[in-house]
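This report refers to the structure that appears directly beneath it.
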Amino acid sequence: DAKTTQPPSMDCAEGRAANLPCNHSTISGNEYVYWYRQIHSQGPQYIIHGLKNNETNEMASLIITEDRKSSTLILPHATLRDTAVYYCIVTHFGNEKLTFGTGTRLTIIP
Amino acid sequence: DVKVTQSSRYLVKRTGEKVFLECVQDMDHENMFWYRQDPGLGLRLIYFSYDVKMKEKGDIPEGYSVSREKKERFSLILESASTNQTSMYLCASSSPSGGSYEQYFGPGTRLTVT
């Protein structure tokens with residue numbers, strides 16, 4: 001699986017859009033980008049995944065660059081409950097062995 | 001909603017004890033996983049199982065074993081606990097039938113070995 005690089009921490013004001021970047025320059029053509037988050041004292045929670053097209057669900061949007069070497073997770077209107085560690089994972093679809101790095105610690109500021 | 005439960009939130013054991021961590025999921029998922037999480041190291045996969053009585057080693061299986069006798073239950077066993085196994089242990093389950101392969105996690109068990 002391709003390696004990912006994320007900033008260790010970010011802050012975002014409550015109510016603003018939180019944009020979390022992820023670099024995955026060695027991604028191969030059949031690898032997907034997955035995002036999970038982990039709120040303090042809880043297990044990780046799946047957010048969204050995509051291959052090359054932008055994706056949106058009730059939680060977030062995922063923007064993948066045309067060359068697929070980077071992506072951005074967007075939380076459109078961040079709330080205090082979005083404070084968590086966010087993990088970007090690149091893996092082949094159907095590969096159950098996910099590799100979680102250390103992620104980005106997102107803090108939403110009131 | 002998918003629910004993954006773990007037998008204990010906090011556990012304290014002594015060095016050399018045999019430790020059982022239990023995980024149960026209620027969504028008839030085929031796949032189940034055990035991870036440990038340590039500061040600065042992220043989540044690391046210990047073992048996973050694709051089916052009853054099937055198991056495969058993850059990235060850090062040394063010092064651990066697993067048991068899956070029933071589809072809904074996946075146990076992690078520390079045969080002789082050591083202090084370097086003090087960690088947060090997370091169980092997860094998933095099913096390929098949903099198409100997204102998303103994993104559902106339990107709340108975790110914080111194990112301290114003294």
Exercise. Would you be so kind as to identify which of B:M54, A:N23, A:H77 lies farthest towards the positive end of the dipole of the protein assembly as shown, taking Lys and Arg as +1 and Asp and Glu as -1 on Cβ and the Cα centre as origin?
Key: B:M54
Practice problem: For the range A:9-85 and the range B:3-78, write down the distance between their C-alpha centroids in whole Å. | Solution: 27 Å
Quiz item: Using the heavy atoms of the protein chains alone and a 1.4 angstrom probe, what is the accessible area of the protein assembly as shown per residue in square angstrom?
Solution: 50 Å²
Exercise. Please name whichever of B:V113, A:Y86, A:L51 sits farthest to the positive end of the charge dipole of the protein assembly as shown, dipole taken about the Cα centre and charges placed at Cβ: Lys and Arg +1, Asp and Glu -1.
Key: B:V113
Quiz item: Total accessible area buried between chains A and B, 1.4 Å probe, in Å² to the nearest 100?
Solution: 1600 Å²
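Among rounded, prolate and oblate, which fits chain B when a ≥ b ≥ c are the square roots of the eigenvalues of its C-alpha gyration tensor, a/c under 1.5 means rounded, and a/b larger than b/c means prolate?
Values: a/c = 1.79, a/b = 1.67, b/c = 1.07.
Prolate, because a/c is 1.5 or more and a/b exceeds b/c.
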Practice problem: Could you look at chain A and say what percent of its accessible area is carbon and sulfur, using a 1.4 Å probe and all protein chains? | Solution: 49 percent
Quiz item: Cysteines without a disulfide-compatible partner in chain A, using Cβ under 4.7 Å as the rule?
Solution: A:C12
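With +1 assigned to the C-beta of every Lys and Arg and -1 to the C-beta of every Asp and Glu, and no other charges, what is the dipole magnitude of chain B about the Cα centre in debye, to the nearest 20?
Result for chain B is approximately 380 debye, rounded to the nearest 20.
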Quiz item: So, in nm, how far is label B:R14 from label A:K97 when the simple model puts each one 7 Å beyond its Cα toward the Cβ?
Solution: 3.8 nm
Quiz item: Of the residues B:R68, B:R36, B:R14, which exhibits the maximal mean-square fluctuation in a Gaussian network model of chain B defined by a 10 Å Cα contact cut-off?
Solution: B:R14
Quiz prompt | Residue of A:Y87, A:Y32, A:Y46 that the Gaussian network model of chain A assigns the largest fluctuation, springs spanning Cα pairs under 10 Å | solution = A:Y46
Quiz prompt | the range B:1-46 - charge dipole about Cα centre, Lys and Arg +1 at Cβ, Asp and Glu -1, debye rounded to 20 | solution = 400 debye
Quiz item: Tell me, what is the FRET efficiency for A:S28 and B:D38 to the nearest 0.05, using R0 = 45 angstrom and their Cβ-Cβ distance as r?
Solution: 0.95
Exercise. Compare each residue of the range B:28-71 in its chain alone against the assembly with all protein chains, and report those whose accessible area goes down by 50 Å² or more; 1.4 Å probe, heavy atoms.
Key: B:L43
Exercise. Could you tell me which of the pairs B:K13/B:K70; A:K69/B:K53; A:K3/B:K70; A:K52/B:K55; A:K69/B:K55; A:K3/B:K18 are separated by over 31 angstrom between their Cα atoms in the structure shown?
Key: A:K69/B:K53; A:K3/B:K70; A:K52/B:K55; A:K69/B:K55; A:K3/B:K18
Quiz item: Share of chain B's accessible area from carbon and sulfur, percent, 1.4 Å?
Solution: 49 percent
Practice problem: Take the Cβ-Cβ distance between A:N57 and B:K70 as r, set R0 to 35 Å, and report the resulting FRET efficiency rounded to the nearest 0.05. | Solution: 0.60
Practice problem: Give, ordered by residue number, each residue of the range A:81-110 whose 1.4 Å probe accessible area is reduced by a minimum of 50 Å² on adding the remaining protein chains to the chain alone. | Solution: A:E96, A:K97, A:F100
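The values are calculated or read from the model by the stated rules, or taken from the named source; none is laboratory data. These numbers come from a predicted model, not from an experiment. Note that each Cβ is placed from the backbone with ideal geometry, even for glycine, and that neighbours are counted across all protein chains shown. Each accessible area value is taken on the protein alone, full model and side chains, heavy atoms only, with ligands, DNA and RNA left out. Shrake-Rupley method; radii C 1.70, N 1.55, O 1.52, S 1.80 Å.
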